[in-house]
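Here the structure is laid out as structure tokens; the discussion comes afterwards.
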Amino acid sequence: MNPFDILKNSQAIKEQVSKVQEELKLLEVTGSSGGGIVKVTMNGHFEIKSVYLDPIVIDPREIPMIQDLIVAASHDAMTKIKEQIESRLGSFMGNAGFPNFSF
């Protein structure tokens, strides 16, 4: 794509990016680990909104394992958010002549 075409379409690009940013505010995904005994819900701004622990995992001797499961569930949620961002912006960025949008 011609760089001058990008400049001509800059307002449309700004509007599209703004729209995606608004959508990200509403996006929520849940990552899980340990077969679903730990779940972390995160928004599109990578903020953890909630953590769920199945009562079967609450044993004081298991605190290190629980901590590791929460970290793993958080990573799972972040991966899902990145996939959502890439799917929403990837084709747009490619069509605008930008390199592949990736984290």
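The values are calculated or read from the model by the stated rules, or taken from the named source; none is laboratory data. The shown structure was predicted, so the numbers you read here are calculated from the model rather than taken from an experiment. All Cβ positions, even for glycine, are placed from backbone atoms using ideal geometry, and neighbour counts span all protein chains on display. Side chains included, ligands, DNA and RNA excluded: accessible areas come from the protein's heavy atoms. Shrake-Rupley method; radii C 1.70, N 1.55, O 1.52, S 1.80 Å.
For this structure, a couple of remarks:
- Mean Cβ count within 10 Å, highest first, over the residues of peptides 68-79, 22-33, 53-64: 68-79, 22-33, 53-64
- Between the residues G35, I13, V51, the greatest Cα displacement towards the positive end of the dipole of the stretch 1-72, with unit charges on the Cβ of Lys, Arg, Asp and Glu, is found for I13.
- For the listed residue pairs K14/K82; K8/K82; K49/K82, the alpha carbons are over 23 angstrom apart in K8/K82.
- Per residue, the solvent-accessible area of the stretch 1-88 (1.4 Å probe, heavy atoms of protein chains only, all protein chains present) comes to 66 Å².
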